[in-house]
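First the structure, in the form of structure tokens, and then the observations on it.
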Amino acid sequence: MDSVGGKRKNPKASWLCLNQPFPKHPTSCAGWCVDIARPCFHAGLFAAITFGWLRVRLSLAALTGGKTPQFIFVMFINISNHPTSKWGDEQLKAAQEFGELLDKQFPNILPHASAEDVQAMAANMAEEVTENGTNAVVHVMGEMGYTHALVTTLKAAGVRCFHSTTERKVTENADGSKTVVFEFVQFRSY
């Protein structure tokens, strides 16, 4: 059982006791004990724990050093023309490692739009993304001018931005047409 007071599935798991009131804002810690039965360490630096809709990242130093951990509320925001509901299992699993998923439609960028228009659209989207802080991880894929403007703006605000890498597999059909399939490989940082 993974709940408080339950038997641990992993005998190496640590008990983490937090002794402060439940936070009204995500800058303080909660007043309960959590059995980290199966911590998931990302690059050896963080453990991710999910409590229903809430995903929390705790620093490894806090887990091993006895310090009170800092809670970080992480959201994976997909800004592309490909909603996460249409992604394959591998890509979904990789995205969920970052946090809860949220889709934002990539805007229609008109070919006659000026650079200033595109920059203004990117600034508006960056404002939407950062209105609740900069703990989001953003996946951006689409029209290159807008993508560049948005990623540059988000990175300047301290937001981590990624794009998908895929392997292109082409099959030539008997009628001479081609079938192209893109298989997800990883998210790469901008």
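The values are calculated or read from the model by the stated rules, or taken from the named source; none is laboratory data. This structure is a prediction, so every number in the text was calculated from the model and none was measured. Please note: Cβ atoms are built from the backbone with ideal geometry, for glycine as well, and neighbour counts cover all protein chains shown.
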For this session: Take region 105-137 and flag every residue that is of a type outside the set (A, V, I, L, M, F, W, C) and in contact with a helix residue (DSSP H, G or I) (Cβ under 7 Å, 6 or more places away or on another chain).
Result: P107, Q119
For this session: Pairs only if they're at least six apart or on different chains, beta carbon under 9 angstrom, first in region 151-179 and in contact (Cβ under 8 Å) with a residue 60 or more places away in the chain, second assigned to a strand (DSSP E or B); list them, first residue then second.
Result: S164/S80; S164/H139; S164/F182; S164/F184; S164/V185; S164/Q186; S164/F187; S164/R188
Exercise. Just checking, how many residues over region 131-156 are more than 13 Å from I77 (Cβ to Cβ) and of a type in the set (A, V, I, L, M, F, W, C)?
Worked result: 3
For this session: Starting from residues that are of a type in the set (S, T, Y) and modelled with pLDDT under 95, keep the ones in region 106-140 and report whichever is surrounded by the fewest Cβ atoms within 10 Å (Cβ to Cβ).
Result: T134
Exercise. Looking at (1) touching a Pro at 6+ places or on another chain (Cβ under 7 Å); (2) loosely packed, with under 13 Cβ neighbours inside 10 Å; (3) not β-branched (V, I, T), which is the only condition D103 fails?
Worked result: (2)
